[in-house]
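Written below as structure tokens is the structure these notes are about.
Just so it is clear, none of the values below were taken in a lab; they were calculated from the coordinates. Keep in mind that this is a model prediction, so the values were computed, not measured. As a convention, Cβ positions derive from the backbone with ideal geometry for all residues, glycine included, and neighbour counts pool all protein chains shown.
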Amino acid sequence: MDTTSNSYALVIADAIFQRVSAMTFFTNFNRKAGNWRMRIQPQDVPYLGVYFVKETTKPDGDADAGDIRFDHLVTIGFSVIIKNNDATQAEQKLDAAFWTIINGLLRDNTLTNTWKTNLPDNTRIESWPSYNRVHHWGAMGLNNEMPIAELQFEMQATYRSNFAPIITDDLTHIHIETVPLADDGTVPVAAEVQRIISEYDIPIAQRKASTNGKDS
């Protein structure tokens, strides 16, 4: 996955899934990413799901000044489902799952470094402004035969992007001719008055159509 074909938000969601699913705590869990509306069956428990939930943006600076720039807020959702054989022990295990995720992600410098990460195209997260979680109790199966406990946890991350215009007619060369005007204000022909000619070649730096982070 890279930012040529996928958005920064999905790159971030995938990076989080890869890290959480590799945590030792979830070794024996069924681990999935994708649609958070997916139905979970009893045979899937214990279950870990990591999902892209939503993304909202606002202008990065004045919306009508300079290149198009956005300040993004992306929400990543987590679902941890376990068998509820004992309510107290189940709650402790859900809390342990939450604590594993929050510590594993926010202490991971390859994810949280705001200058250099190992995400595709050096996609960078600027901040983690908030999270929320709740524990749910219920049952699943054809006859609701399996009591379950579920951790529903959402975490928000911010990043920035800018979309410079794609210029296909770059100004690469300037030709200037300097000549005094005739008494009547017209430009004399070259055979009558010598021109002073100046030419400039302008190197064009390559730049991507969109970048993540202000320093790109």
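Using only DSSP helix segments of four residues or longer, with each worth -39500 (n - 2.57), what per-residue ellipticity at 222 nm results for the chain after dividing by its residue count and rounding to 500?
Working: 3 runs with 38 residues, N = 216.
One gets -5500 deg cm²/dmol as the mean residue ellipticity at 222 nm.
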Pick out which of 40, 196, 125 has the largest mean-square fluctuation in a Gaussian network model of the chain, springs linking Cα atoms closer than 10 Å. 196
Choose one answer from 120, 59, 203: the residue with the largest mean-square fluctuation in a GNM of the chain with alpha-carbon springs under 10 Å. 203
Can you work out ³J(HN,Hα) from phi for every residue in region 135-152, in order, using Karplus 6.51 cos²θ - 1.76 cosθ + 1.60 and θ = phi - 60°, giving whole Hz and x for Gly and Pro? 9, 10, 10, x, 8, 9, x, 4, 10, 6, 7, 10, x, 10, 10, 10, 8, 10
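Report the chymotrypsin sites (Phe, Trp or Tyr not before Pro) located in region 81-125 that are in a DSSP loop and have at most 16 other Cβ atoms inside 10 Å of their Cβ, or state none. Walk me through the numbers before you get to the answer.
Working: sites: 98, 99, 115; in loops: 115.
Filter output for region 81-125: 115.
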Can you count the Lys pairs in the chain whose Cα atoms are under 29 Å apart, with each pair 8 or more apart or on different chains? 15
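Figure the gain on full extension for residue 39 and residue 143 (residue separation times 0.36 nm, minus the Cα-Cα span) and round it to one decimal in nm. Spell out each step's value before the answer.
Details: separation 104, 0.36 × 104 = 37.44 nm, distance 1.54 nm.
Length gained, residue 39 through residue 143: 35.9 nm.
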Please find, in a Gaussian network model of the chain (springs between Cα atoms separated by less than 10 Å), the residue of 142, 48, 119 whose mean-square fluctuation is greatest. 142
Within the set of other residues whose C-beta is less than 13 Å from the C-beta of residue 6, count the net charge using Lys and Arg as +1 and Asp and Glu as -1. -4
Longest the chain segment clear of trypsin sites (Lys or Arg not before Pro) sitting in DSSP loops (not H, G, I, E or B) with at most 16 other Cβ atoms within 10 Å runs 117-194
So, with points 7 Å from each Cα along the Cβ direction, the residue 113-residue 166 label distance in nm works out to 3.1 nm
Cα-centred dipole magnitude for the chain, charges only on beta-carbon of K, R (+1) and D, E (-1), debye, nearest 20: 1520 debye
Using only Cα atoms, locate the centre of region 8-41 and the centre of region 57-103, then give the distance between them in Å, rounded to an integer. 12 Å
For helix 87-106, report the angle its Cα long axis makes with the longest principal axis of the Cα atoms of the chain; keep it between 0 and 90° and round to the nearest 10°. 20 degrees
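Check each of the GluC sites (Glu not before Pro) in region 143-209 and keep only those in coil by DSSP with at most 10 other C-beta atoms within 10 angstrom; list them in order.
Values: sites: 145, 150, 154, 177, 192, 199; in loops: 145, 192.
Those that pass, being in a loop and sparsely packed, are 145, 192.
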Relative to the longest principal axis of the C-alpha atoms of the chain, give the angle of the C-alpha long axis of helix 8-21, reported between 0 and 90° and rounded to the nearest 10°. 30 degrees
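Could you compute the FRET efficiency for residue 85 and residue 2, with r as their C-beta to C-beta distance and R0 at 45 Å, rounded to 0.05? Mind dumping the intermediate values first?
Details: r = 44 Å, r/R0 = 0.97.
Approximately 0.55, to the nearest 0.05.
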Once the dipole of the chain is set up from charges on Cβ (+1 Lys and Arg, -1 Asp and Glu), the residue from the list 163, 10, 87 lying farthest towards its positive end is 87
